[in-house]
Amino acid sequence: MVSDSMKTVVEDLTPQIEQATGRKLVMQFNSSKNLRDKIQAGEPFDAAILTSNVLDDLIKEGKIAPGGRAEIARASIGMGVRAGATKPDISTAESMRRTLMNAKAISFNPTGASAPHINDMLARLGIAQAVKSKLMLDSEPGRPQMNVAEGKAEVVFSLIPEIKFFPGVDLVGPIPAEFQAQIDTAGGVASNAHDPAAALALMKFLTGPVAAPVMKAKGMQPR
């Protein structure tokens, strides 16, 4: 089970991972919170790559073995627009406020790791109520970005790797520093994993020298 922020990284590295582990990967991508719900409901898995706080909660619940935990990467929050559209100024709080007030629709995943920080930004900008009717909230993987690619929304907020490589969407840039948050991703092995050795090998690979440059190319900081 893989958090959306790591999707492009893991997809790119799949051939090398399969060669290194000697196992075929079968992956499920979603927000960390939605994957957590699946794990809590008893859906079987061998390895999980989730936001660190969600992974740690699952360790406390006994769903993930504490011994195999690995810090993997870190990502920042960004904003995207439809490919080819004029990129607005979002370098300051005031320019971000102006951009959002002018937007007809604002899209993001309410279960995504960046959602609490986006809601906090809207509140601190003093526009939470003013833009409430503009929000397009959808927890289906990739749907917020697709809303922008299809012209249904002007802007999308998500982790930068989830915007930068999404077809039909251009990354404007990171949100202003005063609203920014670094979202950490960690990996773990299921406490009842069918193949714990292969899951541990996956964690070793993702924290090794081959994965690091791919993460950097995808807008993530290896940890």
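Summarising the amide proton neighbourhood of Gly68: residues at separation of 5 or more, or on other chains, whose placed amide H is nearer than 5 Å comprise Val189.
What the Cβ-Cβ distance of Glu18 and Ala212 gives, at R0 = 22 Å and to the nearest 0.05, is a FRET efficiency of 0.75.
Note down the relative contact order for the chain as a percent, whole number, built from C-alpha pairs under 8 angstrom at least six residues apart. Let's see the in-between values first.
Numbers: 428 pairs, mean separation 76.4, N = 223.
Normalised by residue count, the contact order of the chain is 34 percent.
With N set to the number of residues, divide the alpha-carbon radius of gyration of the stretch 117-162 by 2.2 N^0.38 Å and report two decimals. Normalised by 2.2 N^0.38 Å, the Cα Rg of the stretch 117-162 equals 1.19.
Quantify, in whole percent, the carbon and sulfur part of the accessible surface of the chain (1.4 Å probe; protein heavy atoms only).
Working: 5170 of 10120 Å².
The C+S portion of the solvent-accessible surface of the chain is 51 percent.
Taking 27 Å as the cut-off for C-alpha to C-alpha distance, list the pairs among Lys63/Lys204; Lys33/Lys216; Lys60/Lys164; Lys7/Lys33; Lys7/Lys132; Lys33/Lys87 that go past it. Mind showing how you got there, number by number?
On the way: Lys63/Lys204 20 Å; Lys33/Lys216 24 Å; Lys60/Lys164 33 Å; Lys7/Lys33 15 Å; Lys7/Lys132 29 Å; Lys33/Lys87 30 Å.
Over 27 Å apart, Cα to Cα: Lys60/Lys164; Lys7/Lys132; Lys33/Lys87.
Gyration tensor over the Cα atoms of the stretch 67-223: the corresponding equivalent ellipsoid has semi-axes (square roots of 5 times the eigenvalues, largest first) of 32, 16, 15 Å.
Rg ratio for the stretch 1-94: its Cα radius of gyration over 2.2 N^0.38 Å, N being its residue count, equals 1.35.
Across the alpha-carbon atoms of the stretch 94-141, the computed radius of gyration and Dmax are 10.4, 31 angstrom. Just how far, in whole angstrom, is the stretch 157-223 from the stretch 9-75 if you go by their alpha carbon centroids? Between the Cα centre of the stretch 9-75 and that of the stretch 157-223, the gap is 11 Å. Could you work out how far apart the two model spin labels at Ala197 and Ala123 are, taking each label as a point 7 Å from the Cα in the direction of the beta carbon, and quote it in nm? Distance between the two pseudo-spin positions: 5.0 nm.
Per the Cα gyration tensor, the stretch 168-223 maps to an equivalent ellipsoid with semi-axes of 30, 14, 11 Å, ordered largest to smallest. Computed over the stretch 22-160, the alpha-carbon pair-distance distribution with 5 angstrom bins reads 2, 9, 17, 19, 16, 13, 10, 8, 5, 1, 0, each value a whole percent.
The values are calculated or read from the model by the stated rules, or taken from the named source; none is laboratory data. Computed from a prediction, not measured in an experiment: that's the story for all the values here. Cβ: placed from backbone, ideal geometry, glycine included. Neighbour counts: every protein chain shown. Just so you know, the surface numbers come from the protein's heavy atoms only, side chains and all, with ligands and any DNA or RNA stripped out. Shrake-Rupley method; radii C 1.70, N 1.55, O 1.52, S 1.80 Å.
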